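The values are calculated or read from the model by the stated rules, or taken from the named source; none is laboratory data. Not measured: the values here are computed from a predicted model. In this analysis, Cβ positions are derived from the backbone assuming ideal geometry, glycine residues included, and neighbour counts consider all displayed protein chains.
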Amino acid sequence: MRPIALLMLCSVTYCSAAALEVVRPILAQSDGGPPSPAGYEYIAGETLFFSCRVAGYGKTPEEKVHVAFSVQAFDPKGVPLTEIYKNEMVADVTPQDKEWMPKIATEVQIPPLVAPGTYKIVIKVEDMVAKTNGELAVPFAVRSKMVEPSETLVVRNVEFFRGEDDAQAIAKAVYRPGDAVWAKFDIIGFKYGEKNHIDVSYLTSVYAPSGKLLWTQPEAAVEQSESFYPKRYVAAAMGITLLPTTKPGEFTIGIVVTDKVGKQTYETKQPFIVE
């Protein structure tokens, strides 16, 4: 008689299948597009499109399915990239729909200045009918600029360019009179306030070979922002145009950075040559 009692209980409450699972995860570069190939590296700032299916759900005697879920992406250290996405689905499933599985689809905006590495999307599902849970972590790789972390304020990756929009730095910082001189650098090691607020400013100057100050910014460039994901570094730049009468020698660009939140200051000087 015991098996009969169990069968009656199932018919009154719900009929369940196998354990609740997240299956068929797909990462794509466009909405509804083909899956990204194995080993594909997404670029910092890119939008990733994700979808999956839910298997092993239960049904009510009225053939209804009710599944709740959440999706959230995390960086290699486990810090959330975006706010958690939550939703739920209620659907009628007929016996003819025995192969049907609920679909979860959303997109993940990868912040523009994240570190390179292996990230993950964590999907959690809950069967509101069968009272079961399932979870799956889907890894994905991100390619981005490498800026070495620092516990204190510092300037990294000082590079010289011939034009503001140039992507490739010059091998040697050598210029001629009348040339444009562009320097780009990264600021890292600043502190965060509430809501990942940052307040970083930098002032650049140019010094003659004698050490005499030739030029300085009229006012400091300021980066003030808040974000869900902490901004990892500040990408900075400065540019000047040399006078046609500039005499050859080793000149210097001075950089002074201030972090108001962390109450830190950092200074560095970088040489360039005029031939």
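Is it fair to say Thr118 is hydroxyl-bearing (Ser, Thr, Tyr), free of Cβ contacts under 8 Å to residues at least 40 places away in the same chain and either surrounded by fewer than 16 Cβ atoms within 10 Å (Cβ to Cβ) or touching a Lys or Arg at 6+ places or on another chain (Cβ under 7 Å) (or both)?
Taking the combined requirement at face value, the residue does not satisfy it.
Check whether at least one residue in the range 182-201 is among the β-branched types (Val, Ile, Thr) and within 21 Å of Gly163 (Cβ to Cβ), and report yes or no.
no
Take the range 47-69 and flag every residue that is closer than 15 Å to Met128 by Cβ, surrounded by fewer than 19 Cβ atoms within 10 Å (Cβ to Cβ) and touching a Gly at 6+ places or on another chain (Cβ under 9 Å).
The answer is Gly56, and nothing else.
Go through (1) touching a residue at least 12 places away in the same chain (Cβ under 8 Å); (2) over 13 Å from Tyr119 (Cβ atoms) for Pro34 and report which single condition fails.
(1)
Scan the range 224-265 residue by residue and report those that are surrounded by fewer than 17 Cβ atoms within 10 Å (Cβ to Cβ), assigned to a strand (DSSP E or B) and within 26 Å of the chain's Cα centre (by Cα).
Listed by number, the residues that qualify are Gln224, Ser225, Ala235, Ala237, Gln264.
For the list (1) modelled with pLDDT under 95; (2) within 22 Å of Val114 (Cα to Cα), I need the number of the one condition that Ala236 fails.
Just one mismatch for Ala236, condition (1).
All but one of (1) surrounded by 13 or more Cβ atoms within 10 Å (Cβ to Cβ); (2) more than 16 Å from Gly254 (Cβ to Cβ) hold for Thr152; which doesn't?
(1)
Taking the residues in the range 133-149 that are within 26 Å of Met89 (Cβ to Cβ) and in contact with a Phe, Trp or Tyr (Cβ under 8 Å, 6 or more places away or on another chain) as candidates, determine which candidate is surrounded by the fewest Cβ atoms within 10 Å (Cβ to Cβ).
The selected residue is Pro139.
Taking the range 70-101 as the search range and keeping residues that are over 16 Å from Glu135 (Cα atoms) and in a strand (DSSP E or B), which one is modelled with the highest pLDDT?
Looking at the filtered set, the residue picked out is Pro80.
Conditions tested, residue by residue: (1) acidic (Asp, Glu); (2) in a strand (DSSP E or B); (3) in contact with a His (Cβ under 7 Å, 6 or more places away or on another chain).
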| position | (1), (2), (3) |
| --- | --- |
| Trp182 | no, yes, no |
| Asp186 | yes, yes, no |
| Phe190 | no, no, no |
| Lys195 | no, no, no |
| Val200 | no, yes, no |
| Val206 | no, yes, no |
| Trp215 | no, yes, no |
